[in-house]
Each structure stands twice: as structure tokens, then as C-alpha cells.
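The next block holds one structure in the form of C-alpha cells; read it before the comments.
The values are calculated or read from the model by the stated rules, or taken from the named source; none is laboratory data. Since this is a predicted model, take the numbers as computed values, not measurements. Cβ placement follows ideal geometry from the backbone for every residue including glycine, while neighbour counts extend to all protein chains displayed.
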Amino acid sequence: MDIETCIKKLGYVGVLDFATVDENGAPQIRNISAIHYEGTTLYFLTARGKPFARQLKADGRVQILGYTKYKETIRLSGRAIEVPEDEQIKWRDVIYAEQPYLENVYPGETKNIDTIFMIKDYTIEYFCLSTRPITREYFAVGDAEIKKKGYYISEDCVGCGTCQTVCPQNCIEEGSPFVIDENHCLQCGNCAENCPVEAIRRY
């Protein structure tokens, strides 16, 4: 898997889940299809008066989720910024050309309520349940940095092998200490719960 393929797969899915946080700290999620992919940059459209636009302007953080028929989850996490004023019409017209249904939503001059955001610095988490063992990969685009998730086995490991026996994906390798193969880890925590010396830690 790679960044470009992940972006293509999001395009094939079409309608994606966009999550933000409102002014009260409550999670908000909506389906968005008015998206244009330009290389690794995403452009998307919403109306300026909607809570979605206000949340993006106030905070900017957004998480996007797509799920394919092949049991692949693609999670994009980044910060959205409004496109500069002198580029708004250009990208709006591109999105309207690709998504003709928008003319029914905002006909004529009413489309002037639309505003375009872009995301160019983000991370992608690719997670596939149709392989054995499962596949998990992380990618960074632009200035984004990947923050480690899941579990690791510390130097407190005594080499008993309990973690190996309870791992549902058999992704723990013998060593000193034992090692979790992060590309195949479910991050379920079963190894940590069963470690007799509590040597397995969260990142």
C-alpha cells in the first residue's frame, strides 16, 4: 500500500465520513461527497453558514474515514484550511463539474454561499481486515507527523511467551524482549492484559 493508492481508494468510495468537534467538545460527523483530489491535496465544499464550516474555521482538525468492500479502512487525520479568496471560485467550479448534483442543491447564484477548504498536511492509517494476519500501515503527507499507536514490549519482558499464545493475529516474535509486528497488530491489548509482569505498554 502507498499514499497514492489510499487516495485513489477514497475517491472510489466517493462518500466519506468527516468528523470534527463542536464548541462544546462533542463529536460531530457528516457524509461529504463534494471532494476533489489534486495529487495528495484534498479540496472539499460546504456552505459557510453550516456548523461544519464554523467548526473547521474555529479549530481546523478533521478526521476522514472511508471503508471499502474489501474490508479496508482508510483514516485520514489532518487540519483543514480555507482556500484563499482568489482561488475559491476556481476550486468551486472544479468540484461542481465533478459533482453535477450540486447544481440542484445550490442553483444559480445561491452557490455563492459555498466555501472551499483544503487539506494538504495529514496522516493516513490503512487498516485491512481481509488479510491474515491483518494489515496496518501509516503514512505522512506534507508536514504531518505520525504518532505511534498500539503497544510495545518493554525491557521488563521475561521471555515467557504468554503474549505470543494470546495474540489473535500471531504477530509477536520471540526476542529479548519479544517484539510486536506493528504492521499486523490489531491493537486489541490482549497481550498487555495477559502479560504476567506487565511488560507491555501503550505508546
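Key figures for this structure:
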read-out: Among (1) under 15 Å from M118 (Cβ atoms); (2) part of a strand (DSSP E or B); (3) of a type outside the set (S, T, Y), the one test that L56 misses; value: (2)
read-out: Breaking point among (1) over 13 Å from F117 (Cβ atoms); (2) in a helix (DSSP H, G or I), for T73; value: (2)
read-out: Filtered residues of region 127-160 (kept if part of a loop (DSSP other than H, G, I, E, B), buried (at least 16 other Cβ atoms within 10 Å of the Cβ) and either among the acidic types (D, E) or in contact (Cβ under 8 Å) with a residue 60 or more places away in the chain (or both)); value: A144
read-out: Qualifying residue in region 98-121 (condition: at pLDDT 95 or above, aromatic (F, W, Y), part of a loop (DSSP other than H, G, I, E, B) and within 21 Å of A53 (Cα to Cα)); value: yes
read-out: Residue check for Y203: aromatic (F, W, Y), surrounded by 15 or more Cβ atoms within 10 Å (Cβ to Cβ) and out of contact with any helix residue (DSSP H, G or I) (no Cβ under 8 Å at 6 or more places or on another chain); value: no
read-out: Filtered residues of region 106-140 (kept if of a type in the set (V, I, T) and either on the phi > 0 side of the Ramachandran plot or not assigned by TED's automatic domain parsing to the domain that holds V62 (or both)); value: none
read-out: Residue within region 81-96 that is under 27 Å from V21 (Cα atoms), assigned to a strand (DSSP E or B) and not aliphatic (A, V, I, L, M) present; value: yes
